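Peer 1: First, the structure itself, so that you have it in front of you.
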Amino acid sequence: MAAAVTPGIFERARGRWGWFLAFGIALIVLGIIAFGDTFMVTIFSVAVLGWLLIISAIFHAVQWFRGGREARHYLDLFGFIINLVIGLILVIDPAVGALTLTLVLAAFFLVVGGMQLITAIANEVPHRGWAILDGAVSLLLGILLFVHWPTTGLWFIGFAVGVALIFRGWAWIMLALWLRRPSKIAAAA
């Protein structure tokens, strides 16, 4: 069952619709800038991911050492080591990390796209054409990433970040425009 949305949330946000609009526009501008140099955005994104893994490893280690003897488990220690090693690899050489991550993404798109395509074709569901299209696009993307690898590893993550920023910005703009219309808010309440 879907959670009910409190009508007061929309009324409070309604007065700030301009901030949502500005935030959406800023995200779209950042997405367009990301398209300008997908290589640098890829390297930056991989380095940030590496630092996040290192910080996660530090928190895991502190938690492991703070826990009592009964709270310590070798899998927690293994998780700490994996986070630290992968984080260090990504920070030390983000280009190699980008190549590796792109290869992993290609395999992911191939497997998930193939499974979505097979499932959508095998099952009779409403609007299954969209599910077939989703699976086919994912499968095609995986194939293209594999065929053009390692070149794709140097720009794909930056390109994906740019696309994500633009679509996220568009969603914020649509929310701002929806909040600007008082009749829509009253109908939702």
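Peer 1: Output wanted: per-residue J couplings in Hz (rounded whole) for region 48-61, from phi through Karplus 6.51 cos²θ - 1.76 cosθ + 1.60, θ = phi - 60°, x for Gly and Pro.
Peer 2: For region 48-61, the Karplus-derived couplings read 4, 4, x, 5, 4, 5, 5, 4, 4, 5, 5, 5, 4, 5 Hz, x marking Gly and Pro.
Peer 1: Which order, highest average first, do 41-50, 162-171 follow once you tally other Cβ atoms within 10 Å for each residue and take the mean per peptide?
Peer 2: The most tightly packed comes first, giving 41-50, 162-171.
Peer 1: Moving to a separate point now. Cα atoms only: what Rg and Dmax, in Å, come out for region 108-172?
Peer 2: In order Rg, Dmax, the Cα atoms of region 108-172 give 14.2, 40 Å.
Peer 1: Residue by residue through region 124-138, which ³J(HN,Hα) values in whole Hz follow from phi under the Karplus form 6.51 cos²θ - 1.76 cosθ + 1.60 (θ = phi - 60°), with glycine and proline marked x?
Peer 2: Values per residue, Gly and Pro as x: 8, 10, x, 6, 5, x, 5, 5, 5, 4, 4, x, 5, 5, 4 Hz.
Peer 1: How large a share of the accessible area of region 44-124, in percent, is made up of carbon and sulfur atoms when the probe is 1.4 Å and the other protein chains stay in place? Working shown, then result.
Peer 2: Values: 4140 of 5430 Å².
The value for region 44-124 is 76 percent carbon and sulfur by accessible area.
Peer 1: Where a ≥ b ≥ c are the square roots of the eigenvalues of the C-alpha gyration tensor, would you call region 63-142 rounded, which needs a/c under 1.5, or, failing that, prolate if a/b is larger than b/c, or oblate?
Peer 2: Oblate, since a/c reaches 1.5 and b/c is not below a/b.
Peer 1: Hey, another quick one. What FRET efficiency comes out for the pair R168/V62, r = Cβ-Cβ distance, R0 = 35 Å, nearest 0.05? Before the final figure, lay out each step's value.
Peer 2: Working: r = 33 Å, r/R0 = 0.93.
Approximately 0.60, to the nearest 0.05.
Peer 1: Which of the three applies to region 19-124, rounded, prolate or oblate, going by the alpha-carbon gyration tensor with a ≥ b ≥ c and a/c under 1.5 meaning rounded?
Peer 2: Because a/c hits 1.5 or more and a/b fails to exceed b/c, region 19-124 counts as oblate.
Peer 1: To continue, here is another question. At 1.4 Å probe radius, can you tell me the per residue accessible area of region 79-189 in Å²? Write out the running numbers ahead of the final one.
Peer 2: Working: 6760 Å² over 111 residues.
Accessible surface, normalised per residue, equals 61 Å².
The values are calculated or read from the model by the stated rules, or taken from the named source; none is laboratory data. For clarity, every value in this text was computed on a predicted model and none was experimentally measured. Cβ sites come from the backbone with ideal geometry, for glycine too, and all protein chains shown count toward neighbours. Accessible surface areas use protein heavy atoms only, side chains included; no ligands, DNA or RNA. Shrake-Rupley method; radii C 1.70, N 1.55, O 1.52, S 1.80 Å.
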